[in-house]
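Remarks on the structure that follows.
The values are calculated or read from the model by the stated rules, or taken from the named source; none is laboratory data. Quick caveat, the model's predicted, so the values are computed rather than measured. Neighbour counts run over all protein chains shown; Cβ positions are idealised from the backbone, glycine included.
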Amino acid sequence: MFDDRSKKFKNQYVHLKKMDVNNYKSFVGKQRIDNLKWLAEPLQRKVWANVNSTAIGGGVAEMLQSTIPFSRGLGVDCRWFIIEGSPEFFKVTKKFHNLLQGVKQDISMEEVFHAYLDTIKWNTEKTKVVGHMVVVHDPQPAAIVMSGNVYGHLLWRCHIDTSQASRRIWRFLLPYINHFDGAIFTCKEFIKDQLQIPAYEVHPCIDPLRKKNQLMTKKEALDKLSNLFNEHNIDPKRPIVLAVSRYDVHKNQKGIIKSFKQAKSLLSKKIKPYLIIVGNSASDDPEGEMMYQEILTAIDGDKDIQAWLNIEENDDCIGALMALADCFIHLSTKEGFGLVVTEAMWHKTPVIGSKIGGIKLQVIDEETGYLVEPDDSKTAAKRIKSILENSKEKQTLGKNAHRHVKENFLLPSLVERYLLLMRYYLEIDNKIPEFRMNELTYKEIKAALYGRTVWPFSSNDLKKKVETIWEGLA
């Protein structure tokens, strides 16, 4: 079935021009940008390659769309390659995604070895990925590490909430993951057992210059949304509760709908809000359309709830909706990070988020928003009521949220950590990065035992560990 397509499967290079990093001084300050230029100085024309499975749709592609030009603006030769696959490939990798997030799902050996591994083989047969540092994003391309056609210091970046990962799929992926030189997770709770390589904590970030993150007034937002509101018969004078994400079982749009319906029964009769749910489809997510239809069924004709898919001028309209919304709600049952939460907070919109994964890094309960359990629709409804009925509370939460994002989750912060990793692996710096999360690993100790300097060691603990092992052999 795949043989006729095999010649089409190859890594596709995404060409993006460099941007002027000085444009970010107004967001993070001159000193921060100057420090990034200093970090990048010895990395001029060094290659930092990235590999993932789609150029459009989803947070990974969105971050790379900004990370590549920013890094190139610093003089680093940052590159982006995309693996290709059949519908069967993306179907099985979607199962990987679900299983890593703890969903029980059947998966066959034929899917794993044929749809997945054969597609990886075809992607790398005639194409080489070469970089001084190569970052491979998520499980879709993870197996390319064993292809023999990827060269450099290889790091696996996991954007998924793996805290409750299926033991079966983790054990399948583990040999590939342990073949990398390091792994990157969003937070420590996502690290699983038997990881034999260094693990680092890197938070996703948003680009404040991206269209949807450009700050605007309510009037400017209404102007951008006039056509969309007319199309869907939205009264701009009514409050808006907004939810933005892929249509995915973990995004829990059904729980959001349930919470909103309960909130309507609690609100005073003068307050008549809309719930607007917006989502995009991604080329590597074959379940999106099915979930969208399930959401329409859950709405059940409620005229106060709308669900939109793939709206035109997406970035402009999403930014305007976030600027205009009175409340943003994101009740995921699993969430690696949740960039839409960051975006809403950047627009000073109070967020009600679920108490899981990367959302907890962003929403500080009762300070930058509210945290609730993803299935606690009653509490979520009360929080919606509180925000919509108290303008001072809404303003304070929004102001705090914006400041929190500015200090921690803007693009320069993301690039800074990658530059530090690149300097470390290229032995420009000897100090282990401060965002290292795990202790000395098997791979490091093995390298030290046999005198190989895969990367520099400066830890006394390593020296003691190696001496102890040698003593055991004596």
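Of note:
- F70 meets each of the listed conditions (1) in contact with a Pro (Cβ under 7 Å, 6 or more places away or on another chain); (2) surrounded by 16 or more Cβ atoms within 10 Å (Cβ to Cβ) apart from (1).
- Residues that are of a type outside the set (A, V, I, L, M) and assigned to a strand (DSSP E or B) within region 179-207 comprise G182, F185, Y200, E201, listed in sequence order.
- Any hit, region 220-231, residues being within 21 Å of the chain's Cα centre (by Cα) and not hydroxyl-bearing (S, T, Y): no
- Against the numbered list (1) over 20 Å from L174 (Cβ atoms); (2) surrounded by fewer than 23 Cβ atoms within 10 Å (Cβ to Cβ); (3) under 21 Å from the mean Cα position of the chain (by Cα), V103 comes up short only at (1).
- Residue match in region 102-125 (condition: of a type outside the set (F, W, Y), in contact with a strand residue (DSSP E or B) (Cβ under 8 Å, 6 or more places away or on another chain) and in the same structural domain as I184 (by TED's automatic domain parsing)): yes
- Helices (runs of 4 or more DSSP H) (entirely within region 332-421) containing at least 1 residues that are among the acidic types (D, E) and either on the phi < 0 side of the Ramachandran plot or out of contact with any strand residue (DSSP E or B) (no Cβ under 8 Å at 6 or more places or on another chain) (or both): 339-346, 377-389, 391-408
- A448 vs. criteria over 28 Å from C205 (Cα atoms), among the small types (G, A, S) and either assigned to a loop (DSSP other than H, G, I, E, B) or modelled with pLDDT under 95 (or both): yes
Here's the yes/no breakdown for (1) touching a residue at least 12 places away in the same chain (Cβ under 8 Å); (2) touching a strand residue (DSSP E or B) at 6+ places or on another chain (Cβ under 7 Å); (3) surrounded by 15 or more Cβ atoms within 10 Å (Cβ to Cβ):
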{"site": "I177", "(1), (2), (3)": "yes, yes, yes"}
{"site": "F190", "(1), (2), (3)": "yes, no, yes"}
{"site": "A199", "(1), (2), (3)": "yes, yes, yes"}
{"site": "N213", "(1), (2), (3)": "yes, yes, yes"}
{"site": "N227", "(1), (2), (3)": "no, no, no"}
{"site": "H232", "(1), (2), (3)": "yes, yes, no"}
{"site": "I240", "(1), (2), (3)": "yes, yes, yes"}
{"site": "I257", "(1), (2), (3)": "yes, yes, yes"}
{"site": "I271", "(1), (2), (3)": "yes, no, yes"}
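- Filtered residues of region 288-315 (kept if hydroxyl-bearing (S, T, Y) and either under 24 Å from the mean Cα position of the chain (by Cα) or crowded, with 16+ Cβ neighbours inside 10 Å (or both)): Y292
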